[in-house]
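Chemist: Pasting a structure below so you can have a look.
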Amino acid sequence: MTSSGAPAGRLRVSCSPGKPVVLALAGELDAGTVLLVVRAVGAALDRCPAPRVLLLDLAEVHFLGAAGVRVLCEAADHAAALSARLRIVTGGNPVVSRALLLTGANRVLDSYPDRAAALSAGDGSEFLRLTAEMWNS
């Protein structure tokens, strides 16, 4: 697991490489720290081979500002453009859940209550296979 350094009380990002890649965020996700998330998500998606699923675990985030919510939505769009899925793990964190609810982002982000639920959701390939099979029959 790798980690990015950040001032105390700010955002820390830890990366667990694998399939899927898990980025665990801790601290404040706001206008002053969104670039850490942009860089971490970009680096994870630039791997070869690129992951089909990327988890952002926000269980340890104690502040989520509007800029943080916006970067989560943009990261999901960026992942989708690369045929990957970004999943948000709220970890039952009321700060994260409330911010996503108040901004309406909970309706567009693929979010899960814990890592186990996000990991067991698969990568979507079975759905795509069944859809193609049905379409071509």
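Chemist: I'd like to know if the range 45-63 contains one or more residues that are in contact (Cβ under 8 Å) with a residue 60 or more places away in the chain and either in a loop (DSSP other than H, G, I, E, B) or over 13 Å from the mean Cα position of the chain (by Cα) (or both).
Modeler: Within the range 45-63, one or more residues are in contact (Cβ under 8 Å) with a residue 60 or more places away in the chain and either in a loop (DSSP other than H, G, I, E, B) or over 13 Å from the mean Cα position of the chain (by Cα) (or both).
Chemist: A further question on this structure: Give me the pairs: first residue in the range 107-123 and touching a residue at least 12 places away in the same chain (Cβ under 8 Å) and more than 11 Å from LEU55 (Cβ to Cβ), second residue surrounded by 15 or more Cβ atoms within 10 Å (Cβ to Cβ) and among the charged types (D, E, K, R), beta-carbon distance under 9 Å, and six or more apart or on different chains, which are they?
Modeler: Within 9 Å, the pairs are LEU109/ARG87; ASP123/ARG52; ASP123/ARG85.
Chemist: Looking at GLY65, GLY42, which is the one that is modelled with pLDDT of 95 or more and surrounded by fewer than 22 Cβ atoms within 10 Å (Cβ to Cβ)? Let's see the steps before the verdict.
Modeler: Values: GLY42 fails: modelled with pLDDT of 95 or more.
Exactly one residue qualifies, and that residue is GLY65.
Chemist: Further, regarding this structure: Given the options LEU56, LEU29, LEU23, LEU72, name the one that is in contact with a helix residue (DSSP H, G or I) (Cβ under 6 Å, 6 or more places away or on another chain) and closer than 17 Å to ARG115 by Cβ.
Modeler: None of the other options fit; the residue is LEU23.
Matching residues to (1) surrounded by fewer than 18 Cβ atoms within 10 Å (Cβ to Cβ); (2) modelled with pLDDT under 95:
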site: SER14; (1), (2): yes, yes
site: LEU29; (1), (2): no, no
site: LEU55; (1), (2): no, yes
site: ALA75; (1), (2): no, no
site: ALA84; (1), (2): no, yes
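Chemist: So is ARG70 modelled with pLDDT of 95 or more and either outside any loop (DSSP other than H, G, I, E, B) or closer than 19 Å to GLY27 by Cβ (or both) or not? Outline the logic, then answer.
Modeler: Working: modelled with pLDDT of 95 or more: yes; either outside any loop (DSSP other than H, G, I, E, B) or closer than 19 Å to GLY27 by Cβ (or both): yes.
Considered against the rule, which asks whether it is modelled with pLDDT of 95 or more and either outside any loop (DSSP other than H, G, I, E, B) or closer than 19 Å to GLY27 by Cβ (or both), ARG70 comes out as yes.
Chemist: A further question follows. Just wondering, is there one or more residues in the range 88-104 that are part of a strand (DSSP E or B), within 21 Å of SER14 (Cβ to Cβ) and in contact with an Asp or Glu (Cβ under 7 Å, 6 or more places away or on another chain)?
Modeler: Here is the first cut: in the range 88-104, the residues part of a strand (DSSP E or B) are 88-89.
Among the residues that remain, those that are also within 21 Å of SER14 (Cβ to Cβ) are: 88-89.
Now restrict to residues that are in contact with an Asp or Glu (Cβ under 7 Å, 6 or more places away or on another chain): 88-89.
Yes, the range 88-104 has at least one match.
The values are calculated or read from the model by the stated rules, or taken from the named source; none is laboratory data. A quick note: this is a predicted structure, and the numbers were derived from the prediction, not measured. Don't worry about glycine lacking a Cβ; one is built from the backbone with ideal geometry, like all the others, and counts go over all protein chains shown.
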